[in-house]
Amino acid sequence: MRARRMGDQGEVLLDVRVGIDGRVTDVRLKRSSGSELLDRTAIETVRQWRFTPATVDGQPVAEWYRDWKWVFRLNG
């Protein structure tokens, strides 16, 4: 992995919006790790996930989930 070769590590903070179908509809970079590669990896990965949407009165609603922290650390 390029990030490992370059010694990249850090924390990425994201805000993620989940739509009524459980798909991610928006991702905002709230705080960068300082590495464009790590930031992009976190954003692209979250966009692929599927969730159970929030509900109000039993009906699915779109919702923002704030301050998701991704930590990238090199081990070994």
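Here, each number is a calculation from the coordinates, and none is a lab measurement. Everything numeric here is computed off the predicted structure, so don't read it as measured data. Here Cβ is always computed from backbone atoms with ideal geometry, including for glycine, and neighbour counts include all displayed protein chains.
Summary table
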| item | result |
| --- | --- |
| For the chain, built as a Gaussian network whose Cα springs stay under 10 Å, the top-fluctuating residue of VAL27, VAL61, VAL46 | VAL61 |
| Segments 48-60, 9-21 sorted - mean Cβ within 10 Å per residue, highest first | 9-21, 48-60 |
| Mean ellipticity per residue at 222 nm, deg cm²/dmol - from DSSP H runs of n ≥ 4 across the chain, formula -39500 (n - 2.57) | -6500 deg cm²/dmol |
| Cβ-Cβ FRET estimate between LEU29 and GLU63, R0 fixed at 30 Å, reported to 0.05 | 0.95 |
| Value of D in µm² per second that Stokes-Einstein yields for the chain, Kirkwood Rh from Cα pairs, at 10 °C (1.306 mPa s) | 119 µm²/s |
| The stretch 2-72: relative contact order in percent, alpha carbon pairs under 8 Å with at least 6 residues between | 43 percent |
| Cut-off 12 Å between beta-carbons: net charge of the residues surrounding PRO60, Lys and Arg +1, Asp and Glu -1 | -2 |
| Crossing angle, helix 36-48 versus the chain [Cα axis fit, 0-90 degrees, rounded to tens] | 30 degrees |
